[in-house]
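Some notes on the structure that comes next.
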Amino acid sequence: MHPKIMQGKKEEPQNACGFKESGKQVLCPHFEKKKVVPILKIGKDPKNSASYRPISLTSTMGQSMERIINTRLNWLLETNNIIANEQARFRIHRSTSERIATFSKFIKDVLENKRISTAVFVDFKSAYES
């Protein structure tokens, strides 16, 4: 037990960073600090700002905290069925190839039953540029 508690002094509890909590959780401010370093993409013009990829450098503790929060949020979303079954990207044990197989089966069923279907494909430029 803390010595101040033993002395009968009532003091507001502090979190691991030393900030006093008033009924709410407080994250350490150094978890939120990131250093962004621009890295030139291969074969791109260094004078063009779009030629750079921003790389975020974070502390190990910050990355660990992000992973813990991400794991808990994923668990919450999965156990409460908040995300639609069709959503595959960034989900555990799901893949986009699974979605492609489902879509292919849908097309096959439409053609076999001589029905009409429409599909819209959107290409977001530079979204997944390597």
Considering segment 110-130, residues that are of a type outside the set (Ser, Thr, Tyr) and more than 30 Å from ALA50 (Cβ to Cβ), and then whichever is least open to solvent (accessible area, probe 1.4 Å), we arrive at VAL110
Q.
Any residue that is exposed (fewer than 11 other Cβ atoms within 10 Å of the Cβ), polar (S, T, N, Q) and modelled with pLDDT of 80 or more - is there at least one of those in segment 16-38?
A. no
When restricted to ILE83, ILE92, ILE107, ILE100, the only residue out of contact with any Pro (no Cβ under 7 Å at 6 or more places or on another chain), among the β-branched types (Val, Ile, Thr), closer than 25 Å to ASN70 by Cβ and surrounded by 10 or more Cβ atoms within 10 Å (Cβ to Cβ) is ILE83
Within segment 49-103, the residues that are of a type in the set (Val, Ile, Thr) and over 30 Å from LYS35 (Cα atoms) are THR79, ILE82, ILE83, THR96, ILE100, THR102
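Residue-by-condition table, conditions (1) at pLDDT below 90; (2) open to solvent by less than 90 Å² (accessible area, probe 1.4 Å); (3) in a helix (DSSP H, G or I); (4) of a type in the set (Lys, Arg):
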site: PRO46; (1), (2), (3), (4): no, yes, no, no
site: MET61; (1), (2), (3), (4): yes, no, yes, no
site: ASN70; (1), (2), (3), (4): yes, yes, yes, no
site: LEU76; (1), (2), (3), (4): no, yes, yes, no
Selection from segment 61-106 of residues aliphatic (A, V, I, L, M) and touching a residue at least 12 places away in the same chain (Cβ under 8 Å) yields MET61, MET65, ILE92
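The values are calculated or read from the model by the stated rules, or taken from the named source; none is laboratory data. Please read all numbers here as calculations on a predicted model, not as lab measurements. Note that each Cβ is placed from the backbone with ideal geometry, even for glycine, and that neighbours are counted across all protein chains shown. Ligands, DNA and RNA are stripped out before the accessible areas are found, and what is left, the full protein with its side chains, is counted by its heavy atoms. Shrake-Rupley method; radii C 1.70, N 1.55, O 1.52, S 1.80 Å.
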